[in-house]
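The values are calculated or read from the model by the stated rules, or taken from the named source; none is laboratory data. Since the model is a prediction, treat every value here as computed from it, not as a measurement. As a convention, Cβ positions derive from the backbone with ideal geometry for all residues, glycine included, and neighbour counts pool all protein chains shown.
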Amino acid sequence: GDSVTQMEGPVTLSEEAFLTINCTYTATGYPSLFWYVQYPGEGLQLLLKATKADDKGSNKGFEATYRKETTSFHLEKGSVQVSDSAVYFCALIVGQNFVFGPGTRLSVLP
Amino acid sequence: EAGVTQFPSHSVIEKGQTVTLRCDPISGHDNLYWYRRVMGKEIKFLLHFVKESKQDESGMPNNRFLAERTGGTYSTLKVQPAELEDSGVYFCASSLGTGQGFYEQYFGPGTRLTVT
């Protein structure tokens, strides 16, 4: 079946450090790919998405490129801030229902 | 505009008891979804309503779980009787449409269920 794998957390970085959270997937069809973020006490929010190979999703300084050849959708940010501390979920959708990864907790220290 | 709301935010019950979770979607959203995250693992799909009808309930783990959406507005998810392995965070989401294209699902803050 369809599945999403993310790097194990938690990830702890200093402010202004470079962030990479790895995500790989397996899917029977041609999925759309997403990153969702959950800030403390809030619901999941869509961070960015990509619907076809080589598309790059970007938002709030975060980027991820849909790599079909490596079945990956790694999340990157050049300079993280304390306010980026949250849990990040990689997800795919084939049809209407999401398949999520286990989430990666990011803590950014001042 | 109000987002998706869920009640309660946290529930602690004993094994064998009954708990009912409620989700109020964004007004006008016909599609309502339930997901859960157990033991810090991946978030898993439970079921999908279109208005008051169950479109897909393939993710419901067993018959101790009952979801309803009477009138096509808010939804409830009842767990009866609750077991220890039901502990986790239950998320609700709603979206405007389905079909061609992507309709963003807006998630609520979740209900944390603890079964002791």
Quick one: which residue in B:Ser94, B:Ser58 is more than 10 Å from every other protein chain (Cβ to nearest Cβ), polar (S, T, N, Q) and under 26 Å from A:Ala91 (Cα atoms)? B:Ser94
Enumeration of residues in segment A:4-56 that are within 13 Å of another protein chain (Cβ to nearest Cβ), among the small types (Gly, Ala, Ser), under 26 Å from A:Ser107 (Cβ atoms) and touching a residue at least 24 places away in the same chain (Cβ under 8 Å): A:Gly9
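Here's the yes/no breakdown for (1) in contact with a Leu (Cβ under 7 Å, 6 or more places away or on another chain); (2) modelled with pLDDT of 95 or more; (3) in a strand (DSSP E or B); (4) not polar (S, T, N, Q):
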residue	(1), (2), (3), (4)
A:Thr24	no, yes, yes, no
A:Gly41	no, no, no, yes
A:Ala53	no, no, no, yes
A:Val108	yes, yes, yes, yes
Single residue of segment A:6-21 satisfying the filter (of a type in the set (S, T, N, Q) and touching a Leu at 6+ places or on another chain (Cβ under 8 Å)) that is farthest from A:Asn97 (Cα to Cα): A:Ser14
Which of the residues belonging to segment B:11-51 are surrounded by fewer than 16 Cβ atoms within 10 Å (Cβ to Cβ), modelled with pLDDT under 95 and closer than 19 Å to B:Gly88 by Cβ? B:Met39, B:Gly40, B:Lys41
Among the numbered criteria (1) touching a helix residue (DSSP H, G or I) at 6+ places or on another chain (Cβ under 8 Å); (2) closer than 25 Å to B:Phe45 by Cα, which single criterion is violated by A:Gln45? (1)
For segment A:59-96, which residues satisfy the criterion of being in a strand (DSSP E or B), free of Cβ contacts under 8 Å to residues at least 40 places away in the same chain and in contact with a Gly (Cβ under 9 Å, 6 or more places away or on another chain)? A:Glu63, A:Thr65
